[in-house]
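See below for the structure under consideration.
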Amino acid sequence: MARMEASRHSEAVVGRSRLRSIDDVTWGAQRPEDEDHLAHRLALRSVAAYVAHEINHPLGTIANLASLLGRRINDPVIRPSELAAQIESIKLETRRAADVIKNLRVLAGGLHGHRETVNVHDLLREAICRFRRRYGKETVRIRMECRDRMLNVQAVPELLHIALYNLLINGVEAAQSASIERPKLTLRTKRTTVDQVVIDVIDNGPGVADAIKSQMFEPFVSDRAGGSGLGLAICRDVVEWHGGILSYETMMARRGSCFRIALPNE
Ligand SMILES: Nc1ncnc2c1ncn2[C@@H]1O[C@H](COP(=O)(O)OP(=O)(O)O)[C@@H](O)[C@H]1O
Ligand SMILES: [Mg+2]
């Protein structure tokens, strides 16, 4: 699929280079310690980091849910429906972890993967549901602004889900780090005149720091304590893999960040 033209927004920062391919890694091969070998070791490190980063999301949620259940094991008033919902959440998160492994070779190896017609709003709803399971209903306000509900793209849904989920997490982490009392995320979709489907993920945090803006899509670039610097690199890879562009749009009228996923319309 042809790459799309970069956003015309003059201030947009566009993600470019990619994590190296897993196919560049010669497993177990003996090679001299030259530049080539170093590149291979870096490729391996990127792949390992992708797995670690993406498996950590579901593991964190599963651990939280399990300890919640553990604390309530002797609670005489716990309702079976409540228990069932939490067990279902554990199952869903376990599936998400399995998806990461399933899609590893697709994302890191440039394989084709099975694309299907995906409704963008179904995708957004699923990402929001998952986000709610992690953050609860009250912590973050989420607003969806979607005029055209029939926006479809050709995608591997689990992969696009990873990108959206990472952008949502980044948005809330940014707002929380700036002590915004009630973080707010806005998800805005539209079809453009050049036949792109655009998904904007907007938060009310402090915006991306100037010092990091030009490199933020590179792997291992982070200014957050404990941050891996992999979320945006993974998002960019996923979006580019689908023939799209991930960009950061400067918000003129208000504070906050706007990350834009632009994909070819189906
Ligand atoms: N929504 C956002 N608002 C402000 N800064 C952001 C946002 N998303 C990403 N960033 C910046 O980009 C950096 C890289 O993000 P990411 O790749 O997800 O790594 P990490 O979240 O581990 O730091 C972050 O450390 C932060 O400085
Ligand atoms: Mg992140």
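The values are calculated or read from the model by the stated rules, or taken from the named source; none is laboratory data. What you are looking at is a predicted structure, and each value in this text was computed from that prediction instead of being measured. For neighbour counting, all protein chains shown are included, and Cβ atoms are generated from backbone atoms with ideal geometry for every residue, glycine included.
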Of all residues being more than 18 Å from the chain's Cα centre (by Cα) and not polar (S, T, N, Q) in segment 224-255, which is nearest to GLU54 (Cα to Cα)? Just the residue, please. ALA225
Going through segment 241-253 one residue at a time, which ones are away from ligand 2 (no atom under 15 Å from the Cβ) and outside any helix (DSSP H, G or I)? HIS242, GLY243, GLY244, ILE245, SER247, GLU249, THR250, MET251, MET252, ALA253
Where residues in segment 189-232 are in a helix (DSSP H, G or I) and crowded, with 20+ Cβ neighbours inside 10 Å, which of them is farthest from ligand 2 (Cβ to nearest atom)? LEU232
For the structure I just gave you, tell me whether LEU185 is in contact with a Phe, Trp or Tyr (Cβ under 9 Å, 6 or more places away or on another chain) and crowded, with 20+ Cβ neighbours inside 10 Å. yes
Looking at (1) more than 16 Å from ligand 2 (Cβ to nearest atom); (2) closer than 21 Å to SER257 by Cα, which is the only condition ALA127 fails? (1)
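Okay, residues lined up against (1) part of a loop (DSSP other than H, G, I, E, B); (2) in contact (Cβ under 8 Å) with a residue 40 or more places away in the chain:
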residue: THR94; (1), (2): no, no
residue: ALA127; (1), (2): no, yes
residue: ILE142; (1), (2): no, yes
residue: LEU164; (1), (2): no, yes
residue: GLN176; (1), (2): no, no
residue: GLU181; (1), (2): yes, no
Report, by residue number, each residue of segment 76-123 that is at pLDDT 90 or above and β-branched (Val, Ile, Thr). ILE87, ILE90, THR94, THR117, VAL118, VAL120
Matching residues in segment 171-206 - criterion: being over 10 Å from VAL140 (Cα atoms) and among the β-branched types (Val, Ile, Thr): ILE180, THR186, THR189, THR192, THR193, VAL194, VAL197, VAL198, ILE199, VAL201, ILE202
ALA175 being within 16 Å of ligand 2 (Cβ to nearest atom), touching a strand residue (DSSP E or B) at 6+ places or on another chain (Cβ under 9 Å) and farther than 20 Å from GLU126 by Cα: yes
Considering (1) outside any helix (DSSP H, G or I); (2) in contact with a Pro (Cβ under 9 Å, 6 or more places away or on another chain), say which one VAL172 fails and leave the rest. (1)
When restricted to ILE162, ILE261, the only residue modelled with pLDDT of 95 or more and buried (at least 22 other Cβ atoms within 10 Å of the Cβ) is ILE261
Yes or no: VAL238 crowded, with 17+ Cβ neighbours inside 10 Å, within 14 Å of ligand 2 (Cβ to nearest atom), under 15 Å from LEU187 (Cβ atoms) and β-branched (Val, Ile, Thr)? no
Looking at GLY256, is it part of a loop (DSSP other than H, G, I, E, B), within 22 Å of ASN152 (Cα to Cα) and touching a strand residue (DSSP E or B) at 6+ places or on another chain (Cβ under 8 Å)? no
Only one of ASP237, ASP210, ASP223, ASP200 is in contact with a Cys (Cβ under 8 Å, 6 or more places away or on another chain), of a type outside the set (Val, Ile, Thr) and within 13 Å of ligand 1 (Cβ to nearest atom). Can you tell me which? ASP200
